[in-house]
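A quick write-up on the structure given underneath.
The values are calculated or read from the model by the stated rules, or taken from the named source; none is laboratory data. Being a predicted model, the structure only gives us computed values, none of them experimental. Glycine gets a Cβ as well: all are built from the backbone with ideal geometry, and neighbour counts include every protein chain shown. Side chains are part of the model used for accessible areas, which takes the heavy atoms of the whole protein and leaves out ligands, DNA and RNA. Shrake-Rupley method; radii C 1.70, N 1.55, O 1.52, S 1.80 Å.
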Amino acid sequence: DVTDDVLKNQQLEQELGQDELTKLCSRRSFYSQVEQLFAKPEQLKNAAIIMIDSDDLKKINDNYGHEYGDRYLCKLAETLNRLSAPFRLIARLSGDEFAILLYNSDTKEDLQRYIQELKYLRDNAMLTLSVTNQIPVRFSIGTAFYPADGDSYQLLLKYADREMYKDKEKRKAKSPNLFNKSL
């Protein structure tokens, strides 16, 4: 029964605090750890919350199938994991939405350098579909800084989410259609 498998996977995910597909931190674990960090601002120092949303998951699923959609999400997670920030928490929040908390930074400028690194990684990430076909792994980014943009993680998440959707609209306007169904 598929329902039993889904329930077992959800239970395992909760126990491990890990997203089953991407192996990133789960939503529940992310929020729990963020709450703990924000309870001790001296551990945060300067911090940034980055909201991330896939730009093309629906197109991947529609054109190539859900197996490739899963591979796309895993490649996106792999790309996020390549970020060199030493104090970070990376999570898959739901479907194609991810979050990163960068913390314990001496300056906001250090955080901005990591965000530039993330944009570089995004601009160079490719998913191999077949021997002759690759597609870029695209995602939109929105950032909020602690303490400059607010002192609660709930407020910072809302702000970063709003900024992410602004980025998504800008990227959509510039983005050519890269999808043809051939593999």
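For this structure, a couple of remarks:
- Residue that is most open to solvent (accessible area, probe 1.4 Å), among those in region 33-73 that are within 24 Å of Ile115 (Cβ to Cβ) and polar (S, T, N, Q): Gln36
- Asp53 of a type outside the set (A, V, I, L, M, F, W, C), over 18 Å from the mean Cα position of the chain (by Cα) and under 25 Å from Arg171 (Cα atoms): no
The rows are residues; the columns are (1) modelled with pLDDT of 95 or more; (2) of a type outside the set (D, E, K, R).
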{"position": "Asp5", "(1), (2)": "no, no"}
{"position": "Glu13", "(1), (2)": "no, no"}
{"position": "Thr22", "(1), (2)": "yes, yes"}
{"position": "Phe30", "(1), (2)": "yes, yes"}
{"position": "Lys59", "(1), (2)": "no, no"}
{"position": "Gly65", "(1), (2)": "no, yes"}
{"position": "Leu89", "(1), (2)": "yes, yes"}
{"position": "Leu93", "(1), (2)": "yes, yes"}
{"position": "Arg113", "(1), (2)": "yes, no"}
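- Counting the residues of region 74-120 that are within 21 Å of Val137 (Cα to Cα), assigned to a helix (DSSP H, G or I) and either open to solvent by less than 40 Å² (accessible area, probe 1.4 Å) or not basic (Lys, Arg) (or both) gives 13.
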